[in-house]
Structures are given as C-alpha cells and as structure tokens.
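Accompanying notes for the structure given below.
Derivation of every value follows stated rules applied to the coordinates shown; laboratory data play no part. In this text, all values refer to a predicted model and were calculated from it rather than measured experimentally. We place every Cβ from the backbone using ideal geometry, glycine too, and count neighbours over all the protein chains shown.
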Amino acid sequence: MHSHKIVKSLIFTAAVFGSLAAVQTPTAAAKWTTGMPKVLQGRFTSRYAKTGNFYPTLSVKANRLTIATQKKSKTTIENLAYRRSTPVSYVIKGTYKNGGRTYLRMMFGSYQAKPEFPIRAVI
C-alpha cells in the first residue's frame, strides 16, 4: 500500500513537470518598429540578370527602399516599418508613392544578395 502511494505521487509529479515543460514561454508580441534595421541597409544587386542583361538592384536606406527592375524603372517604398520574422529575416511594410501598402520579406547574412558596394561606404 505504501509503494502504491509512492507510485501515485511519482506519476503526479511527472505529470506536473511534464505539463510545465509543455507550456511554451510566451514571446513578445510582434511589434512594428519604424525605419529599417542597419543589417538590411545598403545597395544590393541580384545574382540573376533580367532582360537586356540588366541586374535588378535594391537600394535600402533608413527610411526608403528603392527597387530598380529595369534601367529606367524604379519603384520607391516609403514609411517603412519592420519586425523580425525568423532568425534570418525581417518582414518590412511600407507605402508606395500612390498610397498602396506592401509587405516584403527581407533576409540577411548569407541569404542576402551580393552587395554592389561595401555597406559601410553606402551609409
């Protein structure tokens, strides 16, 4: 009878600790921060050429993002805000000049496109 109580208490203890381990630690709510993180700022060129042997470029500043997909075509996104999405990416939201809203996912580190210039020289 005494060993039966010990077994019950061990099962109860294991259940309590198991349920505590199963509860995930709450993370901070996704908070949008204005501007652009420094790790993403710079001027980057795509690894792949488009029509006419043009390599699309991405120019990222603290408050503006410019995408050039053709030699004479540029898209500017302003009013930027970001939040961390994964360990290697951010979600960026911004506004086009015509007022439309857009969301982009930008990766950094080895996932980033090749820098056209050293990042420190552009800033």
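For segment 68-110, what percent of Cα pairs sit more than 12 Å apart?
Numbers: 574 of 903 pairs.
Here the long-distance tail beyond 12 Å is 64 percent of all Cα pairs in segment 68-110.
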Hey, rough spin-label estimate for residue 49 and residue 61, points 7 angstrom out along Cα→Cβ, what's it come to in nanometres?
3.0 nm
Using a basic spin-label model with each label point 7 Å from the Cα along Cα→Cβ, how many nm lie between residue 83 and residue 38?
2.4 nm
Members of 31/61; 38/61; 50/71; 50/93; 50/72 lying beyond 18 Å, as alpha-carbon distances in this model show:
31/61; 50/93
Quick one: net charge around residue 103, please, counting Lys, Arg +1 and Asp, Glu -1 for every other residue with C-beta under 15 Å from its C-beta.
+4
